[in-house]
Amino acid sequence: EKAGYKHFMLKEINEQPRAIRDTTLGRVSLDTGKVFLEAMQLTDDDLRNASQITIAACGTSWHAGLAGKFMIERLARLPVEVDYASEYRYRDPIADPRAIGLLITQSGETADTLAAQAELIAKGSKTLAICNVVGAAITRKAQGTLTTNAGPEIGVASTKAFTAQLTALFVLALHLAQVRGTISDEESLHLVTELSKLPGKLASLLNINSPDAPGSSEGVAAPTRLSQNAGHNKNVSFRPEAQSDLSGLTQNVSSRPERSGVEGPPHFATDRRSTTRQPLSAQCEELARLFHTSDDFLFLGRGIHYPIALEGALKLKEISYIHAEGYPAGEMKHGPNALIDESLPVVCIATKDPNDPSSVLKYEKTLSNIQEVTARSGRVIAIAIEGDTEISQLVEQTIYIPQAPELLLPILEVVPLQLLAYHIAVRRGCDVDQPRNLAKSVTVE
Ligand code: M6R
């Protein structure tokens, strides 16, 4: 059932290229950049005239909603508010018939999210669902459902459902932008093309033929070279990204390909000084060796990367029982800097899209935040874009991910955070798939 993997979580992390591909497939045209959503009771006029989108969700799905806000506001210029579903109905929310409620839920059975949907409907709003289970309770009252085609998720910690939710939100944001006329045909085509490259990039990042893949000897014996770097000069890198393997599949087709795995060329992290090939999983295993005894972790990000910091912290606390907090990088000086000392690992998401000035500005500000942490002897693990040598001069450890447009980077940057949490939990002897006190589906409020 685990297909030879040690845990469902690891299997599901490795299924992400396929989950992203299947959530995109049939919904976008690589010829025109147009998005085609499944039939729903919401008309294009409803979308055009919408006053706002209200997202309600819990846990990891709430983090997807926070990232979705950036996608929708940026592409469709439509205001978005994001609520914890468990809080929504306790604040007498303002909703109107022109507002669209968007419920995000893997299971479609989360009681709090169903209650938020009921509140939205009672206030006269129409609701849409992003859900991974066809026919689940949430979909029965929604005016439309965007199904994430991640497949069954067994591990309590959400992994592939999360990246599939981010993908569905990106597709929805593009659709809204096209209907509302806030995006050019050229930009649409560019973004759809970039979206279609993601499965290949993820496959190469994960190195599907990796030590995690059952039956593979690749990397098992490879020595890990992620040693502590006194000179703060840890350089690891990836081979160029795999090419899109959606091409030819995404011409607005409805059939699914038979094979379930995405095969990209193996994609290794490389220590440039030693040329040792180092898969991402081995890097995260090495980080786990170095940091699994820490009592606390901090995860930092700015803009759309902040929800990913929250998600990295949730993954770690959920399965390893280490206290972890996600924080907006710019908020550190308003309090949390007081926590920093030489025993605190700080995971900083410091990625950038060099073609996007706002992304570059954010990156530069994040570098300053990193310097504030290192100046106080905090131990920084950076998630950065392949080829960024500036960052590796500043921090103790760097994990590189492939380049992508700003709004798609979260789908790549969460992967090392999932693997880091996984390997730390394994080292601590935790029950990775069934953490204490938690259920996969929370059907009570
Ligand atoms: O099924 P849902 O997406 O509605 O579940 C919401 C949360 O319970 C869920 O995301 C939870 O936070 C995960 N276990 C996190 O990994």
Quiz prompt | Among 155-163, 302-310, 315-323, the order from most to least packed when residues are scored by Cβ within 10 Å on average | solution = 155-163, 302-310, 315-323
Exercise. Run down the aspartates and glutamates and flag those whose C-alpha is under 13 Å from the C-alpha of LYS440, throwing out any fewer than 8 positions away in its chain.
Key: GLU109, GLU153, GLU318
Self-check item: Calculated FRET efficiency for the pair GLU325/ALA3, C-beta based, R₀ 30 Å, to 0.05
Solution: 0.30
Quiz item: How much length, in nm to one decimal, is gained on full extension between GLU81 and LYS141, taken as 0.36 nm per residue of separation minus their Cα-Cα distance?
Solution: 19.5 nm
Exercise. Distance from a point 7 Å along Cα→Cβ of GLU445 to each backbone N in segment 111-146: keep the residues under 16 Å and list them by number.
Key: 111-123, 138
Exercise. Could you sort out which of LYS2/LYS34; LYS69/LYS123; LYS6/LYS315; LYS11/LYS141; LYS6/LYS352; LYS69/LYS160 sit more than 25 Å apart by Cα distance in this structure?
Key: LYS2/LYS34; LYS11/LYS141; LYS6/LYS352
Practice problem: Extending each Cα 7 Å along its Cβ direction at ALA111 and HIS190, get the distance between those two points in nm, one decimal. | Solution: 4.8
Quiz item: How much solvent-accessible surface does GLU119 expose, in Å² to the nearest 10, with a 1.4 Å probe and all protein chains in place?
Solution: 40
Exercise. Can you send over the solvent-accessible area of LEU10, 1.4 Å probe, protein chains only, in Å² to the nearest 10?
Key: 10
Quiz item: Excluding same-chain residues fewer than 8 positions from LYS317, which aspartates and glutamates have a Cα within less than 16 Å of its Cα?
Solution: ASP295, ASP296, GLU325, ASP431, ASP433
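The values are calculated or read from the model by the stated rules, or taken from the named source; none is laboratory data. These numbers were taken from a predicted model, which means no experiment stands behind them. Virtual Cβ from ideal backbone geometry, glycine too; neighbours counted across all protein chains shown. Note: areas computed on protein heavy atoms with side chains; ligands, DNA, RNA excluded. Shrake-Rupley method; radii C 1.70, N 1.55, O 1.52, S 1.80 Å.
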